[in-house]
Structure formats: structure tokens, C-alpha cells
Amino acid sequence: MEKVSLNGAWRVSQTGESGPARSGSIAAQVPGCIHTDLIAAGKIPNPYYRDNEHALQWIGEVDWVYSRNITVPASLLKHEKVLLRCEGLDTFATITLNGAEVARTNNMFRTWEFDVKHLLKPGRNTIEVRFDSTIPYIMQKQSERYLHGWSPEYEVSGRAWVRKEPCNYGWDWGPVFITCGIWRAIELVGFNAARLTGVKILQNHDVAGQVTLDVTPELESLGEAPLSTRVTVAYAGEAVSTVTTPAPQAASLAIANPRLWWPNNLGDQPLYDVNVELLDGQGQVLDSTSRRMGLRTLVLDRHPDQWGESFQFVVNGIPFFAKGGNWIPADTFATAMTHDRYHDLLQSVKDANMNMLRLWGGGIYEQDVFYDLCDELGICIWHDFMFACSTYPTFDEDFLSNVRAEAEDNVRRVRHHPSIALWCGNNELEQGLVSPEWTDRTMSWDDYGKLFDTLLPAVTGTLDPQRSYWPASPHTPCADRSDFNNPTCGDAHLWDVWHGRRPFEWYRTCTHRFNSEFGFQSFPEPKTVYGYTEPEDRNVTTYVMELHQRSGIGNAVIMHYMLDWFRLPASFEMTLYLSQILQGMAMKYAVEHWRRAMPRGMGTLYWQIDDCWPVASWSSIDYHGHWKALQYMAKKFYAPILVSAVEDTGTGKVEIHLTNDTLQASAGDVAWRLTDAQGKSLARGKVAAQIDPLKSALVETLDLSGPLKKHGARNLMLWLEYVVKGKRISTNFATFARPKHLELADPAIQLQAESLGDNQFEVTLTAAKPALWAWLELDGIDARFSDGFMHLFPGGSQRVAVTPAKPLTLKQFNKALRVYSLLDTYR
């Protein structure tokens, strides 16, 4: 086999007789997209700045041609077959080689291959890929038959006609930037006799803990010559098993002393390499490929129980509570993502004690690096197919055929990854977009079922039979499917707080089995907002601030709840920070309740982890990778062992709960202290507590009715900690009144910083009076902090590790160091 990469330098030009970019071709990069190419060439301004988005809509409305010269070695043309392999063309592409049309494509998510040997010549050749705008096609199809999609005020109507990243056309957190380009690798491939087109690996785990792999090669053969495959399984570079079998027969390999893969905080993530070589009759290697995988069983378990039907993931025979959030594309321009950016985001997921992400169905089938990192970090993936919030033309057989090929390509590409826990058909179609018959707002259940009940499960059942399939999120399997948030079974999307204005306490009434979406918004931090605004824009009601808020109700809802919980902030910057504290509180109410309710509920995936541009949204990490308050709070409320409180503000009763998500029992002491708002101790106690693995339990009920009556709800604070052998495992905090009504004193926070070397610093914080939601900043300098938005108890101390984004001396570090707390938001 011989390959010639066509990645790298290309040229791109706008077609047509007129237009903003008709000045000639510019340099382009493959993989890439037209927007990033125009940015690199200095042809357009920052798309994310102020309202530049509006002025750049023309880019998605015109056609573009990518071209380059390629040198074809004579050796390549000596092979029996030469293919042009395109792993990602976005989206309506016409390919020509040396002036001859090769093919036309219509699906961003497919891998396209074409026999081009007859079109190539030794030496210099020319390739062009023309990308036609998707807008005319969408408008034509919508005029013929309307497909309804949610929220047409911020998205291009009719996007479902095109197999392209849905959120390119706008979402309630993202801009409208309709991309095009060669967004994944492109190459020429020459081969003789046969080649490998895929590898299917099945795992067999027996009751004795032994693991056998069945490895089946998938081939394209050009003749009848005998073939064989040699399969080698290696761990840490050392072969542990090797088998040679006739192809395409499956090879069975026993793995001695198997090391099992576990989700984050449940165990390690050992990874094995499965190397497959395709051999001809003389034992010469025709082709080879490798898959890195983890040994584990990971299934969705549904069985009748006292509450209805369970919905829990089981890894290596052990049910575990899924903790995490929803993942959207981390950049509007997918090819702008780098390995480092993926690693930083996914490491942040791991560092916040999460073990699962839902790869949401309105984005992309992610880049390979995403799955590789999830494997390494122990992050399980609930994997949607790319269908979301719209009706789809499943009455069209060409559409279904196209989608089948898309599904097969992507399942084949990623099925070996141990991190993938579930295939899910779509996002929210069953949440009001399906009915018995087609209407102007719904598709019929019959046509819906063709894709999500028949086609997609058939693909996964054939190509990836050991992984569970779920038709939609949310989905109710035990009742009427239109009852999509039934609390007795299935998964739920709970938006009664954000969209329904329910109080945060409403979450404590929910008894759903698995909560795969729920959320609350916040603004990004000031440094991020400064990047897309001018000083005159810096009020949350200005045009630019509202443009960078795609939920129509967004800023008003944030401010409504903010004034319900907190005092009016004193500045624009403190409004931004206070919105983050508010967001974190909302999610804390929800997650802690559902963790206490396990095993009735066995998962919480909040909306959302990341952003695709700088914006006010539901994310816990902003576009630039800055942790919001929610991300810091998630690190605590997703901790493997959690102490939490349920306060009754009327009676003064407080339940103290321990939740243990680990595989080991834990024994220690739950200590509590009641103070007034000035930090004066009013009562304290300690109770011995033991919690079994994977359990949650009530360990103590406090009666604080006396102090409540004597001192009043506005003057009480309850501080909790769980301590094992002198080590603080978990802390928490509760009040009997809204924070806006607490009479806080100046906490007089003191900071002591020291250099740990290698641009690492540690800051010790102490406070004379209670400091609520205290956080550190480096003035004008990005940094990553190990903790933030924490409560400081008088007389205690808190250590925070700090990694600045640029080298600093200790003197420079101290000069830039700032500390704030809730009191600073309004005084």
C-alpha cells in the first residue's frame, strides 16, 4: 500500500463575477475551513468581536473553490487500484482531477472514496474541490416541503435538509457561521490485492475475570487470492497475544491477567493496542492498522424496580452514578480546535470529578483526539447521532441511504473506544416534534421510526453489537413516548427552572431516573467579555451584550433570579461574577439532590460544559477555557464522597447526608458548626459516620429550631465537613435565608503566596469573618486555579494552587494577585 497525503497548503477563491472576496485566491490550509482561511489571510476581522457576525454572513452564501497541484509518484500508479480518500468534505462538494469531474458529495459527516487511477498521471496533477453554498438548496427544499425546527428566530430555517453540523446554522448559545472546506484529512491511496477497511473487536468477559478478544477484519478484495490476518495485542509496548488466521475469519485472542478500564475515580484506564496486519499468500504485509482499546464491559441497565424501571450504566458489572455535562462543539470552526485545547477542556472535566459527557446531537461526530483523550482520562461518552431539535425528511429514501452511510462510517471509526457508553438516536425530537401524523410542526411517528427505531439501531446492532442504543434524549420507554419526562423510567431534560421560572428548590422535588439535560446560564468573566466589547458595550442590556446572548429570555432570566437571591451588584464586572455564583448555586441544588436520591436516580449531565464562541450561556467553562464558578462548584458537588445538607427554613431541621460513589466503604466523622453571620460559634457537634460503596445515606438530623428562633434566619450559617483520619474529604455550607439578606461583615481575607517553582504558586487564604464564595484573580493575567468560589470559615485556611498563563516572579505574582468574595459584589 502507498499513500500520498494531500493535506497542507492549498489555495481558495470565491466563485462568481462579484463579491467581497473576488480579488483572487488566497492561501488555505487543509484540514481547515473557509472562515479560518479568510482570517489567516487578513481578509475578514475577528468574527466574534461585537456584531461582526452580521457583516460576515456573505461567506456562507457564496461558493468557494479549493485547489492545489499535486505530485503523483509513478510508483503509486503501478498499484491495481488508486483511491482518492476524503475523510471530511463540508458539504456540497464537486471534485475535479485534471479538469475531469470525479464526484459530487452532500454529507459533511461521511468518508468519501473514489477510484481515480484513470484520471491521474505521473508527476504534476491538479485537484479542485468546489463548495456550493447550502442556502439555495435549503430554501428550495423548504419551499417544496416545510421542515419545522425549534427557535427559528436564531437559526436558518430548514437546516435539516442538509447533512451538515446543525449548529452552524445557529443555536440558542451559538452564532450563525455556515462553514465550508476540506475539514478532515484527504489523501491518495494505492493498493494491490486487498486492503483493510475496518476492524471489529468484540470483548468476551467470563465470570472468572478472563477476557477474550474476537477481532474480525473488514476487507476490500480485488481478487480471489488467499489472504490472512496477523493480530497482535500489546500492552505498554509488549505483545501479550498474537494469532494468525485466514481472512476474513475472526481471530480469537485470550488476554492473560487482563487490566480493566474504569471511569474516572473508579479505577485506572489501562489501554491495549490491537495491531492488525493483512497478509498475502506469501506472508507479505499488504496493509496494516491499529486500534487502541480498553478492556471493560459497559452497558445501559434497565430493569423493573420499586420506582418503575432503572436507568443506570454498569461498568465491569458495577452500577455507577454518571456525573458530568453536555459537550457541544468547542469552536464554531471545528478545525480551529487543537490537541492542546481538547486536552485542556477534557482535563478540566476530569479534574471536576466528572465521569461522563453527553456528546450532543446538534454538533459533529468528534475528532479522533477527543475520543482518545476520553479513553485516557476515564470520561465515558453518551454519544448522540447528529440529529437535533427538528423534523427530518425520513420519507425520502435518498436521505435515509445517505444517513445510513454516515452512521456506518462513524460507528466504524470510533467503536473501539472504551469510553463510548451509549449510542443515542437524537436530541429532543420526542420532546414535541413527533405526532401521529405530519403537521407543520411535527413529523409522524411512522417516519420518525424509520430512522431512529429501525435504521440506526440496525447499524449499531451490526457494527457495534456490544454497545447499547437509545432512540432519543429524552425518551420514555415505559409509557406514552410523548410523555417524554416521565419520572419513572428513561432519561429526562428538566428545564422548568430556566424556561419555567421555577425556584431552584424545585429541583429537590424531582424523582427522575437519569437527568441528561438541565441548566442555568451565566455571563463569562470580565476578561472574556472585554475581548468582544468596547467600554460603551459593557452593560448587560446593550446591543452587543444581548447579541452575545442567544437565548431570547437569557439576560432577563439571569437578572430575575439574581435579584431573588442576591443584592444588586455594584458594577458591570461584579454582575458577571455574581451571575456565575447564581448559576453554580442552581446546579448545586439539582445535583446534590439527585446524588442523595441514588439509586433511584443514577445520573446527572448538566447543560453544558463548553462554549463555541464568547457568549453568555449555560457553560461551566467559557470559550477561552476559563473556569466559571460552576466548574469550581462542580468539582465539589461531583466529589467522589459528598457531604450535603437539606435545610427546612421553617422548622430549623437539617438533614445531613453522605454520598459515596467510590468502590470502597468510608468511615469518618461528620462535623458541623453553627455560627452567626459574623462567624461567632453558636453550636457544634460531630457524629461518627460510615457509608458503604456506591451508596447515599442520611447520617444525622439536626434540630436547630432553638438557634433559629433566637438569632433569626438571617443570622445563621451552618458549616459541614466530613473528615477521615484527620483529612478533610468534603465540605459544605447551608443557610436559612437568601444570601441577599445575610448581614455580612468585612471578612478581612489575608493572602500568603509562595513559589513552588516551574511557574507554580500556592496561595493560603485566611479570613477573620465568614467569606462567602471567595475567589482569586490575577489582574490582567490568565491563570488556572485549583479552587475558587469557596467559603472561608473564620480561623480556618484554604490553600489554592495557581498556574499563571505566562511566567511570573513571586513579586510579579503578588502584585497581580486579587481576592474577592460575595461582599465585594455589592459594597
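The values are calculated or read from the model by the stated rules, or taken from the named source; none is laboratory data. Computed from a predicted structure; not experimentally measured. No Cβ is skipped: glycine too gets one built from the backbone with ideal geometry, and neighbour counts run over all protein chains shown. In case anyone asks, the SASA skips ligands and DNA or RNA and just uses the protein heavy atoms, side chains included. Shrake-Rupley method; radii C 1.70, N 1.55, O 1.52, S 1.80 Å.
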Item to check | Mean separation of Cα contacts under 8 Å (6+ apart) over length of the chain, as relative contact order % | outcome: 9 percent
Next on the checklist: For a protection proxy built on the mean count of beta-carbon atoms within 10 angstrom, sort 299-310, 727-738 highest first, please.
Outcome noted: 727-738, 299-310
Checklist entry - Using alpha carbon centroids, what distance separates the stretch 504-525 and the stretch 402-476, in Å? => result 25 Å
Next on the checklist: Not counting ligands, DNA or RNA, and with a 1.4 Å probe, what is MET337's accessible surface area in Å² rounded to the nearest 10?
Outcome noted: 20 Å²
Checklist entry - So how long is each side of the stretch 703-827 along the principal axes, counting just the alpha-carbon atoms, biggest first, in Å? => result 53, 41, 19
Item to check | Net dipole in debye of the stretch 209-314 [+1 Lys, Arg Cβ; -1 Asp, Glu Cβ; about Cα centre; nearest 20] | outcome: 320 debye
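Please compute, over every Cα-Cα pair in the stretch 670-712, the percentage with a separation greater than 15 angstrom. Kindly include the intermediate steps, with their values, before the conclusion.
Numbers: 484 of 903 pairs.
Summing the P(r) of the stretch 670-712 above 15 Å gives 54 percent of all pairs.
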Item to check | Helix-only CD estimate at 222 nm, as mean residue ellipticity for the chain, using -39500 (n - 2.57) per DSSP H run (n ≥ 4) | outcome: -5000 deg cm²/dmol
Next on the checklist: Rounded to whole Å, give me the distance from the Cα center of the stretch 232-283 to that of the stretch 353-400.
Outcome noted: 26 Å
Next on the checklist: Given N residues in the stretch 643-746, what is its alpha carbon radius of gyration divided by 2.2 N^0.38 Å?
Outcome noted: 1.12
Checklist entry - With every protein chain present, what is the per residue accessible area of the chain (1.4 Å probe, Å²)? => result 37 Å²
Checklist outcome for this item: Heavy-atom accessible area of TYR146, protein chains in place, probe 1.4 angstrom, given in Å² to nearest 10, is 100 Å²
Checklist outcome for this item: The answer for the per residue Cα convex hull volume of the stretch 413-454, in Å³, is 90 Å³
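Just need the Rg to Rh number for the stretch 1-142, please, alpha carbons only, Kirkwood Rh.
On the way: Rg = 16.6 Å, Rh = 16.6 Å.
We get a ratio of 1.01 for the stretch 1-142.
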Checklist outcome for this item: Using alpha carbon centers only, the stretch 13-89 is separated from the stretch 91-145 by a whole-angstrom value of 13 Å
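To the nearest µm²/s, what D does Stokes-Einstein give for the stretch 491-536 at 20 °C and 1.002 mPa s, using the Kirkwood radius over alpha carbon pairs as Rh? Walk me through the numbers on the way to the answer.
Details: Rh = 13.0 Å.
Diffusion coefficient, whole number: 164 µm²/s.
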Checklist entry - In what sequence, largest accessible area first, do ILE691, ILE553 appear using a 1.4 Å probe? => result ILE553, ILE691
Checklist entry - Which value, to two decimals, describes the C-alpha radius of gyration of the stretch 371-446 once divided by 2.2 N^0.38 Å? => result 1.34
Item to check | At q = 0.22, 0.23 Å⁻¹, base-10 log of I(q)/I(0) for the stretch 253-379 (Debye sum, equal scatterers on each alpha carbon) | outcome: -1.31, -1.36
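Could you compute the net charge surrounding ASN402? Neighbours are other residues with a C-beta less than 12 Å from the C-beta of ASN402; K and R count +1, D and E count -1. Display every interim value, and only then the final one.
Numbers: positive: ARG110, ARG163, LYS164, ARG404; negative: ASP396, GLU397, ASP398, GLU406, GLU408, ASP409.
Residues close to ASN402 contribute a combined charge of -2.
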Checklist entry - Cysteines without a disulfide-compatible partner in the chain, using Cβ under 4.7 Å as the rule? => result CYS33, CYS86, CYS167, CYS180, CYS374, CYS380, CYS389, CYS424, CYS510, CYS612
Checklist entry - What value does the stretch 296-361 have for Rg/Rh, both radii from Cα atoms and Rh as Kirkwood defines it? => result 1.10
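Which percent, to the nearest 5, of DSSP beta bridges fully inside the chain are antiparallel? Walk me through the numbers on the way to the answer.
On the way: 164 of 193 bridges.
If I count the DSSP bridges inside the chain, around 85 percent turn out antiparallel.
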Item to check | Of HIS657, VAL723, ALA697, farthest towards positive along the dipole that unit charges on Lys, Arg, Asp, Glu beta carbons give the stretch 599-739 | outcome: VAL723
Checklist entry - What do you get for Rg/Rh over the stretch 323-369 if you use C-alpha atoms and the Kirkwood form of Rh? => result 0.95
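So, with a 1.4 angstrom probe, what is the percent of accessible area on the chain that is carbon and sulfur? Walk me through the numbers before you get to the answer.
On the way: 14740 of 30480 Å².
Carbon and sulfur: 48 percent of the exposed surface of the chain.
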Item to check | Pairs of Cα atoms farther than 15 Å apart, the stretch 284-332, % | outcome: 70 percent
Next on the checklist: At 1.4 Å probe size, what's the solvent-accessible area of TYR137? Round to the nearest 10 Å².
Outcome noted: 80 Å²
Next on the checklist: Using only Cα atoms and rounding to the nearest 10 degrees, what angle (0 to 90) does helix 572-596 make with the longest principal axis of the chain?
Outcome noted: 90 degrees
Next on the checklist: Excluding same-chain pairs closer than 8 in sequence, count the lysine pairs in the stretch 668-822 whose Cα atoms lie under 20 Å apart.
Outcome noted: 9
